[in-house]
Amino acid sequence: MLRGMPAPVVDFDTQPFWDGVASEKLLVPHCKACGTGRWPPGPVCDKCWSTETEWKNTVGPGRLYSWVVTTHATHPALTSQVPYVVVLVEFDDKVRILGNLVNWDGETLVDGQELHVVFEEREDGTKIYNFRT
Amino acid sequence: MTLRNRAAIAGVGQTLYSKNSGKTELRLACEAILAALSDAGLTPDDVDGLVRFDMDNIDDTALTSHLGFRNLGWMSQTGYGGTGGNAVIAHAAAAIAGGLAKVVVCFRALNERSGVRYGQAKQATSAGGVLAFQNPWGMLTPAHKFAHFARRHMVEFGTTSRQFGEVAVALRRHASRNPLAMMQKPISLEDHQASRMIADPLRLFDCCIESDGACAIVVTSAEHAKDLKQPRVLIAGAAQGSGSRAQGIVFRDDLARPESTHTAADVYRMAGLGPQDVDAVMIYDHFTPFVIMSLEAYGFCPVGEGGRFVEGGRIHFDGELPVNTHGGNHSEAYIHGLPHVVEATRQLRGTSTSQVNNAEVVLSCSSVAQLSAAVLLTKG
């Protein structure tokens, strides 16, 4: 878990998701009308424009879609935390969620490899989701 | 109805580009606008239209307060970010074709190196909207985002860091011939490969520079441009595009394939031209992989083959398809893509420092990952 990063702002569109994270669940919004998963959470389905949302628990594992290893700190809080890996992880419903790979030890990452969801505590005591190999 | 050849670029101007201008952005904007008007043989009293970047700190009212602009009538602005460089020209051409204005000034002014640096993260304590799903994990700057596009291009098509390096070497070579450029020391492929990682797969020499400076362009009707000081440069086509999820761009469906194919189709259709007609291309080069992806999006090679396409000097000014003959955001200056239109104009006037022989059609295009915009310019 990266320290000193901005805290996510919870709003009416994302409250159910963050409530899920607080109880260590990844509740991904899906359209009630057409079933399409969407990410990040938002008020409308961008496929059929329904505003009816169903929050589905996503347990994974997901598959690695993209990864970036940041070596250059662009924020004072990150100076002692580089390198860190940001991954995009794809789940069965095609939704891709971004997080850090918490147990990266410098090994080569491979497109499509399985990653598991983990939950950690932020400095402020709130929960946040991440990924591990 | 079409914009084709209804409007023309009549004047271009810029300030010095530097790491620390020692001037306000307002002063930079005024200097660039006066230079562009003088280039065209016009004064602020001739201006009746103004297009700004929505990210610019200088607004219309500030310019009217300091430059006069006694006849200013029509005003517009465009986003997002680097697409503005071409989008402002599209707006200006539309205003002229629609009879809303006769002489339109487009500008961009920023102290982006000495002031707020895009390459440094804002030290915010919270992140809302789409940023709530990016920033807490340290995805804070443009390099962090755009590196994911580079990664997918590498994964899906086998594109290599050395091929990104081919782009960097070409752009720096062009800058080394351009006295305005901030980075004039040539680099080799080995220099590129030895440059430090910023956000793997992006190295330092894959990233554009940060700059202070301003740039301005005067657009008028094709008829009026005939009577002005410089050889006119016709705006044969102009287009803007978006694609879905232009905000949380790393959540797009496909990071390896360009979103700007619609913009490309629109600009070519309007101009009645195709990639085979283009003599040089100015590409918004915030990061080197986007030169490769733009070459694919705008039809210069099939999707996935851009990496091989840029090898062997093909995109050098003396190669088959010259790209960014001024050095681009990478090595000339980062003024949000407007200098690309200035350079396209120079090529068509025959005054580039890396002049392409018999340049008659130049494409300037921007961004394949957020919004996109493009203009096709031809020798008047």
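The values are calculated or read from the model by the stated rules, or taken from the named source; none is laboratory data. These figures come from a predicted structure and were not determined experimentally. Cβ: placed from backbone, ideal geometry, glycine included. Neighbour counts: every protein chain shown.
Residues that are within 24 Å of B:GLN14 (Cα to Cα), among the β-branched types (Val, Ile, Thr) and touching a His at 6+ places or on another chain (Cβ under 9 Å): list the strands (runs of 3 or more DSSP E) wholly contained in the stretch B:265-380 that include at least 1 such residues.
Fully inside the stretch B:265-380 and qualifying: B:280-283.
Conditions tested, residue by residue: (1) in a helix (DSSP H, G or I); (2) more than 24 Å from B:ASP254 (Cβ to Cβ); (3) in contact (Cβ under 8 Å) with a residue 40 or more places away in the chain; (4) more than 7 Å from chain A (Cβ to nearest Cβ).
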| site | (1), (2), (3), (4) |
| --- | --- |
| B:ALA132 | yes, no, no, no |
| B:GLU156 | yes, no, yes, yes |
| B:GLN163 | yes, no, yes, yes |
| B:LEU171 | yes, yes, yes, yes |
| B:ILE209 | no, yes, yes, yes |
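Return a yes/no flag: does the stretch B:18-39 have any residue that is hydroxyl-bearing (Ser, Thr, Tyr), over 20 Å from the mean Cα position of the chain (by Cα) and within 15 Å of B:ASN111 (Cα to Cα).
To start, the set of residues in the stretch B:18-39 that are hydroxyl-bearing (Ser, Thr, Tyr) comprises B:18, B:21, B:24, B:38.
Keeping just the survivors that are over 20 Å from the mean Cα position of the chain (by Cα) gives B:21, B:24, B:38.
Subset that is within 15 Å of B:ASN111 (Cα to Cα): B:21, B:24.
The answer is yes, given that some residue of the stretch B:18-39 is hydroxyl-bearing (Ser, Thr, Tyr), over 20 Å from the mean Cα position of the chain (by Cα) and within 15 Å of B:ASN111 (Cα to Cα).
Please tell me if B:GLY41 is more than 29 Å from B:CYS208 (Cα to Cα) and either in contact with a Ser or Thr (Cβ under 7 Å, 6 or more places away or on another chain) or small (Gly, Ala, Ser) (or both).
Details: more than 29 Å from B:CYS208 (Cα to Cα): yes; either in contact with a Ser or Thr (Cβ under 7 Å, 6 or more places away or on another chain) or small (Gly, Ala, Ser) (or both): yes.
Against the criterion (more than 29 Å from B:CYS208 (Cα to Cα) and either in contact with a Ser or Thr (Cβ under 7 Å, 6 or more places away or on another chain) or small (Gly, Ala, Ser) (or both)), B:GLY41 qualifies.
Identify, from the list B:GLY327, B:GLY304, the residue that is small (Gly, Ala, Ser) and in contact with a Gly (Cβ under 9 Å, 6 or more places away or on another chain).
B:GLY304
Would you confirm whether any residue within the stretch B:59-82 is in contact (Cβ under 8 Å) with a residue 12 or more places away in the chain, surrounded by 21 or more Cβ atoms within 10 Å (Cβ to Cβ) and within 14 Å of chain A (Cβ to nearest Cβ)?
Looking for residues that are in contact (Cβ under 8 Å) with a residue 12 or more places away in the chain, surrounded by 21 or more Cβ atoms within 10 Å (Cβ to Cβ) and within 14 Å of chain A (Cβ to nearest Cβ), one finds none in the stretch B:59-82, hence no.
For the list (1) surrounded by fewer than 16 Cβ atoms within 10 Å (Cβ to Cβ); (2) more than 8 Å from chain A (Cβ to nearest Cβ); (3) more than 30 Å from B:ARG52 (Cα to Cα), I need the number of the one condition that B:LYS122 fails.
(3)
State all residues of the stretch A:108-117 that are at pLDDT 95 or above, more than 10 Å from chain B (Cβ to nearest Cβ) and surrounded by fewer than 16 Cβ atoms within 10 Å (Cβ to Cβ); if no residue qualifies, say none.
A:GLN113, A:GLU114, A:HIS116
Give me the residue from the stretch A:98-107 that is more than 8 Å from chain B (Cβ to nearest Cβ) and among the aliphatic types (A, V, I, L, M) and, out of that set, farthest from A:PRO29 (Cα to Cα).
Once the filter is applied, the top-ranked residue is A:VAL102.
I'm trying to understand the selection: among the residues of the stretch B:184-201, which are surrounded by fewer than 21 Cβ atoms within 10 Å (Cβ to Cβ) and more than 14 Å from chain A (Cβ to nearest Cβ)?
The answer is B:GLN184, B:LYS185, B:PRO186, B:ILE187, B:SER188, B:LEU189, B:GLU190, B:ASP191, B:GLN193, B:ALA194.
Quick one: in the stretch B:134-144, of everything that is crowded, with 21+ Cβ neighbours inside 10 Å and part of a helix (DSSP H, G or I), which residue is farthest from the other protein chains (Cβ to nearest Cβ)?
Out of the qualifying residues, it is B:ALA143.
Across the stretch A:1-38, what is the number of residues that are under 19 Å from A:TRP49 (Cβ atoms), of a type in the set (Gly, Ala, Ser) and in a loop (DSSP other than H, G, I, E, B)?
The total comes to 2.
Mind listing just one residue for me: the one in the stretch B:32-64 that is assigned to a helix (DSSP H, G or I) and small (Gly, Ala, Ser) and, of those, farthest from B:VAL103 (Cα to Cα)? Spell out how you get there, then give the answer.
Step one: filter the stretch B:32-64 for residues assigned to a helix (DSSP H, G or I), giving B:32-40, B:44-46, B:60-64.
The next check asks that each one be small (Gly, Ala, Ser); those that pass are B:32, B:35-36, B:38, B:40, B:62.
On the way: B:ALA32: 16, B:ALA35: 15, B:ALA36: 12, B:SER38: 13, B:ALA40: 11, B:ALA62: 19 Å.
Once the filter is applied, the top-ranked residue is B:ALA62.
Need pairs with beta-carbon distance below 6 Å; first residue basic (Lys, Arg) and within the stretch A:8-34, second in a strand (DSSP E or B); sequence gap 6+ or separate chains.
The qualifying pairs are A:LYS25/A:ASN57; A:LYS32/A:GLU54.
Could you list all residues from the stretch B:65-122 that are part of a helix (DSSP H, G or I) and in contact with a Ser or Thr (Cβ under 6 Å, 6 or more places away or on another chain)?
Within the stretch B:65-122, B:GLY82, B:THR83, B:GLY84, B:GLY85, B:ASN86, B:ALA87, B:VAL88, B:HIS91, B:ILE96 meet the criteria.
Filter the stretch B:6-31 down to the residues that are buried (at least 18 other Cβ atoms within 10 Å of the Cβ) and assigned to a strand (DSSP E or B) and list them by number.
Result: B:ALA7, B:ALA8, B:ILE9, B:ALA10, B:GLY11, B:VAL12, B:GLY13, B:GLN14.
Please determine, by comparing only the residues of the stretch A:19-77 that are surrounded by fewer than 18 Cβ atoms within 10 Å (Cβ to Cβ) and of a type in the set (S, T, N, Q), which one is nearest to the other protein chains (Cβ to nearest Cβ).
Checking each candidate, the answer is A:THR71.
For A:VAL86, all conditions in the list (1) touching a residue at least 12 places away in the same chain (Cβ under 8 Å); (2) crowded, with 17+ Cβ neighbours inside 10 Å; (3) touching a Lys or Arg at 6+ places or on another chain (Cβ under 9 Å) hold save one; what is the number of the exception?
Of everything listed in (1) touching a residue at least 12 places away in the same chain (Cβ under 8 Å); (2) crowded, with 17+ Cβ neighbours inside 10 Å; (3) touching a Lys or Arg at 6+ places or on another chain (Cβ under 9 Å), A:VAL86 misses just condition (3).
Please determine whether any residue of the stretch B:350-357 is touching a Leu at 6+ places or on another chain (Cβ under 8 Å), within 21 Å of B:PRO179 (Cα to Cα) and hydrophobic (A, V, I, L, M, F, W, C).
no
Return the only residue of B:ALA101, B:ALA90, B:ALA95, B:ALA147 being within 14 Å of chain A (Cβ to nearest Cβ), hydrophobic (A, V, I, L, M, F, W, C) and either under 28 Å from B:VAL250 (Cα atoms) or in contact with a strand residue (DSSP E or B) (Cβ under 9 Å, 6 or more places away or on another chain) (or both).
None of the other options fit; the residue is B:ALA147.
Out of (1) in contact with a strand residue (DSSP E or B) (Cβ under 9 Å, 6 or more places away or on another chain); (2) over 19 Å from A:MET5 (Cα atoms); (3) outside the structural domain of A:GLY112 (by TED's automatic domain parsing), what's the single condition that is false for A:ALA33?
(1) is the only condition that A:ALA33 fails.
Could you grab me the full set of residues in the stretch B:244-265 that are more than 11 Å from chain A (Cβ to nearest Cβ) and over 10 Å from B:GLN370 (Cβ atoms)?
Scanning the stretch B:244-265 gives B:ARG257, B:PRO258, B:THR261, B:HIS262, B:THR263, B:ALA264, B:ALA265.
Look through B:LEU204, B:LEU273 and report the one residue that is surrounded by fewer than 21 Cβ atoms within 10 Å (Cβ to Cβ), within 21 Å of the chain's Cα centre (by Cα) and within 14 Å of another protein chain (Cβ to nearest Cβ). So that I can check it myself, show each step before the final result.
Details: B:LEU273 fails: within 14 Å of another protein chain (Cβ to nearest Cβ).
Of B:LEU204, B:LEU273, the one residue that is surrounded by fewer than 21 Cβ atoms within 10 Å (Cβ to Cβ), within 21 Å of the chain's Cα centre (by Cα) and within 14 Å of another protein chain (Cβ to nearest Cβ) is B:LEU204.
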